[in-house]
Amino acid sequence: MRKPKLVVTGFARHGKDTVCELLKEEHGFTFESSSHLAGFKVVYPALKHKYKYSSFEECYKDRVNHRQEWFELIKAYNTPDLARLGREIFQYYDIYCGLRNMNELETMIVEGLVDCIVWVDASLRKKPEPSTSITITRNDCDFVVDNNGSLEDLRVEVQKLVEKLI
């Protein structure tokens with residue numbers, strides 16, 4: 001049986017990668033971060049001289065300081081083919097972690113690439129980010145994972161997600 005294809009999204013530092021790691025470790029899903037894949041292919045080559053990065057790793061660690069720039073560079077990579085990065089990720093992985101562009105998500109839905117959209121919410125302990133760097137909202141998603149508690153609470157939330165998917 002094929003695992004469902006998931007998009008895991010939400011604001012910066014709300015726990016998307018942690019949710020994906022739990023899905024991987026406890027339920028056998030595979031995932032790739034859009035920031036990691038597009039960062040290596042597109043963002044690092046575009047920004048390495050501007051910010052004097054000595055490596056991709058340095059650029060990747062600094063991404064939180066340049067979210068809108070990363071958003072715009074990934075958007076340009078996916079123009080005019082809005083599902084380009086999604087197809088590249090879903091070719092090898094079950095989860096696309098970190099999608100932030102609603103137009104890209106809508107195109108992937110139309111192309112049948114996505115089975116479920118998951119929002120990770122830590123809004124009681126972390127700030128939201130401006131709509132200039134994420135155009136998907138909580139209301140656009142099929143399932144919300146509450147990440148406002150402990151790691152054990154998050155495990156329970158991830159289990160609820162998996163039960164919904166089955």
Item to complete: Starting from the amide H of Val144, placed 1.01 Å from N in the peptide plane, find each other amide H under 5 Å away whose residue is 5 or more places distant or on another chain.
Response: Trp119
Fill in: the chain: most fluctuating residue of Leu73, Leu124, Leu82 per GNM, C-alpha cutoff 10 Å
Leu124
Worksheet entry | Accessible area of the chain divided out per residue, in Å², using a probe of 1.4 angstrom | 52
Practice prompt. Determine ³J(HN,Hα), in whole Hz, for all residues of region 35-40 in sequence, where each value follows from phi through the Karplus function 6.51 cos²θ - 1.76 cosθ + 1.60 and θ = phi - 60°; x replaces Gly and Pro.
Written response: 5, 6, 5, 5, x, 5
Worksheet, complete the sentence: The answer for Gly10, listing residues at least 5 apart or on another chain whose modeled amide H is closer than 5 Å to its amide H, is Val120
Worksheet entry | Exceeding the 24 Å Cα-Cα cut-off - candidates Lys24/Lys50; Lys24/Lys164; Lys16/Lys126 | Lys24/Lys50
Practice prompt. Indicate the helices, whole DSSP H runs only, in the chain that combine a mean Kyte-Doolittle hydropathy of -0.5 or more with a Cα extent along their long axis of 18 angstrom or more.
Written response: 151-165
Response to the item:
GNM on the chain, Cα springs under 10 Å; top mean-square fluctuation among Ala38, Ala83, Ala46 goes to Ala46
Worksheet item: Which percent of the accessible heavy-atom area of region 64-161 goes to carbon and sulfur, probe 1.4 angstrom?
Response: 51
Discussion item. How long are the semi-axes of the equivalent ellipsoid of the chain, taking √(5λ) for every eigenvalue λ of the Cα gyration tensor, in whole Å from largest down?
Written reply: 25, 19, 15
Worksheet, complete the sentence: Quick note, region 16-100: a/c under 1.5 would make it rounded; otherwise a/b > b/c is prolate and the rest oblate (a ≥ b ≥ c, C-alpha gyration tensor); here it is oblate
Worksheet item: How would you rank 148-161, 16-29, highest first, on the average number of other Cβ atoms within 10 Å across their residues?
Response: 16-29, 148-161
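The values are calculated or read from the model by the stated rules, or taken from the named source; none is laboratory data. Since the structure is predicted, the reported quantities are computational estimates derived from the model, not experimental observations. Glycine also receives a Cβ, built like all others from the backbone with ideal geometry; neighbour counts cover every protein chain displayed. Calculation scope for accessible area: heavy atoms of the full protein, side chains included, ligands and nucleic acids excluded. Shrake-Rupley method; radii C 1.70, N 1.55, O 1.52, S 1.80 Å.
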